[in-house]
Structure formats: C-alpha cells, structure tokens
Amino acid sequence: MSKSMWRRGSVSLAAVAVIAAVAGCQSDGGAAPQSTSGAAQSTSGEATDVITAAFKKTSEAKSAKVRMTMSMPAAAGGAGDMEMTGVMGWDPTVMDMTMDGSALAADASAPDKIRMVWLDNVMYMDMGADAAKEMDGKRWMKLDLGAVAEASGDEAAQKQLAGGLENMNQDPAQQLALLLDSPNLKHLGSEKVDGVQAEHYKGTLTLDELVKSQGSLDVLSEKERADLLDSMKKSGLKGYDTEVWVNEDDYPVKMDVGMDTAQGDINISMHYSDYGAKAQVQAPPAGETFDFAGLMGSLGADGTGAATG
C-alpha cells in the first residue's frame with residue numbers, strides 16, 4: 001500500500017464530504033413545511049407557495065438525474081472544481097455518479113475520472129487500473145466516514161480530511177425546506193434553464209436565523225432537526241445563499257447553493273432532470289474492493305507510515 005494511494009484517497013475523501021453536503025441526510029418525506037415561521041410571514045405568498053410545492057414534489061420523487069459542479073477553497077481539503085454526473089436518490093440515499101475536474105487534476109496520481117457509488121452510507125470509488133496494480137487487483141476504494149474517523153483516532157484530523165463537511169448532510173428537499181425559512185425569499189422572474197422555462201427564486205439564511213426560526217424544519221423529525229443544527233455548528237457553517245429555478249411541474253431544474261464556512265466559500269450548482277428515475281445502485285464485488293480506513297491504519301493516520309510509493 002503506497003503513499004500515492006493515500007494521496008488519491010485524501011482527494012477523494014474531500015469530494016465525498018461535499019457530496020454528503022448535498023445528498024446524505026434524509027427527511028421523513030412527510031407533510032410539506034408549515035407556513036408558520038417568521039420567514040414565511042415575511043415572504044410573498046406566491047414565492048412561499050411555489051417553494052412549498054417544490055419541496056413536496058421533490059420529497060415524493062425520491063430520485064433524479066443530476067449534473068453537479070462544486071468549487072471548494074484549499075482550506076476545505078480539496079481546492080478546485082469538481083464536476084459530477086449521474087443519478088441520485090434520497091430517502092434512502094443512493095448514488096451512482098462519475099466525477100472529474102481540476103480538483104482531481106491537481107494530483108498527478110489520481111485518475112482522470114472517478115466513478116462513485118453510494119450505498120448504505122458507504123461510498124465506493126473506482127480508482128482505476130493503476131490502483132488495481134498497487135492493490136492486488138482491487139480497484140474500488142471503500143470510504144466509510146465513520147470507520148475513517150475511528151481509524152484516524154482524531155476527530156480534528158478527520159474533519160480536515162473531509163473538509164469539515166462530513167455532517168452537513170441535506171438532500172434537495174431539505175435545501176428547499178431551508179430556503180422557506182429565509183427572511184428575504186423573493187421571486188426574480190422567469191428564465192430558461194437547460195431549455196426549460198422556469199421561475200427563479202432566491203433567499204439567504206444565516207445559521208443564527210435558522211436556529212431562531214426552525215419553522216420550516218418542522219418537516220424533519222425532532223432528532224433529524226437537532227442533528228442537522230448541531231452538525232452545522234460543528235462544521236463552521238455560517239449561512240446559506242440559495243437560488244432555485246422551478247419548472248411548471250413544480251420540480252426544481254436547477255439549484256445553486258453557496259455555503260459560508262470557516263474554511264471559506266463553497267459553491268455548488270446542481271441541474272436536475274428525470275425526477276423519479278430509478279437509481280439502481282449495487283456495491284462492487286468484495287473481491288475488487290479495498291478499505292481506505294485499513295489503508296490509513298497501515299500508513300498511519302497522516303499517511304506517513306513505513307509504506308513506500
């Protein structure tokens with residue numbers, strides 16, 4: 001097991017953390033958020049109604065095809081842009097996507113593209129033929145953030161590896177629920193997005209505003225709401241800047257989320273289509289898989305063990 005594999009894994013782990021920021025934690029898919037928060041009272045009825053309807057449709061769809069672009073600062077553990085395309089499901093979370101971009105190109109040892117499969121809260125990443133040569137024919141790296149944290153023996157080190165985002169998990173429906181709590185939700189007009197006519201909405205929300213209101217988060221269970229707020233505080237999140245484009249069928253066709261964090265600004269742009277598309281995801285064969293947590297243990301949590309490469 002070589003240090004070059006460690007470096008590839010660290011880059012990939014940063015990507016997983018950002019994906020988790022978009023797709024990991026599930027709402028219960030129940031009733032739409034109640035328009036009882038201060039935010040709902042201060043926004044136009046039309047904007048609130050549209051975003052509430054979009055929340056409901058997105059929750060019920062449970063899956064979609066996604067094209068995603070992410071930009072991260074160096075302090076978040078993976079400077080540069082990442083682009084991902086594929087299918088994503090929520091409630092429960094599943095994913096089969098392919099990633100490329102400048103964040104990968106920054107490491108000459110990393111593959112040009114990485115296929116990523118998320119199932120049962122574990123990410124599997126196809127690290128390519130070079131990885132298979134180093135790992136006895138095993139090209140799929142298993143990334144279980146909980147196991148990685150335990151292997152590191154240091155929560156702070158784990159947060160550095162994961163860009164401080166491992167707990168900031170919201171699916172698209174939750175992002176819409178958060179937008180409903182914005183005190184300045186507004187309609188910006190009609191635009192075409194990916195050839196589809198859509199209505200454009202925007203709102204901002206600081207963490208303090210979210211903690212004070214929590215109105216639209218009534219859609220989440222008490223434990224989910226408490227976990228969400230606690231993880232946001234721990235991750236250093238200061239606030240959201242969210243824009244969404246909703247088509248005539250009440251589905252979001254594009255969503256831009258800017259996150260103000262202690263590590264710097266993280267920007268995510270997501271294009272959605274084919275809501276309800278089947279996300280038939282399977283884990284790779286165990287015989288073709290190696291565990292990144294085990295790699296950490298063999299090299300040392302900082303990748304400076306005795307292995308060569």
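Here are the numbers for the structure shown:
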quantity	calculated
Around residue 122: net Lys/Arg minus Asp/Glu count, Cβ-Cβ under 12 Å	-2
Mean Cβ count within 10 Å, highest first, over the residues of peptides 186-195, 267-276, 63-72	63-72, 267-276, 186-195
Environment charge at residue 258 (Cβ cut-off 13 Å; Lys +1, Arg +1, Asp -1, Glu -1)	-3
Cut-off 10 Å between beta-carbons: net charge of the residues surrounding residue 87, Lys and Arg +1, Asp and Glu -1	0
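Since every read-out is calculated from the coordinates, none of them should be taken as a lab result. Nothing here was measured: the structure is a model prediction, and the numbers come from that model. Positions of Cβ are backbone-derived with ideal geometry, glycine not excepted, and every protein chain shown enters the neighbour counts.
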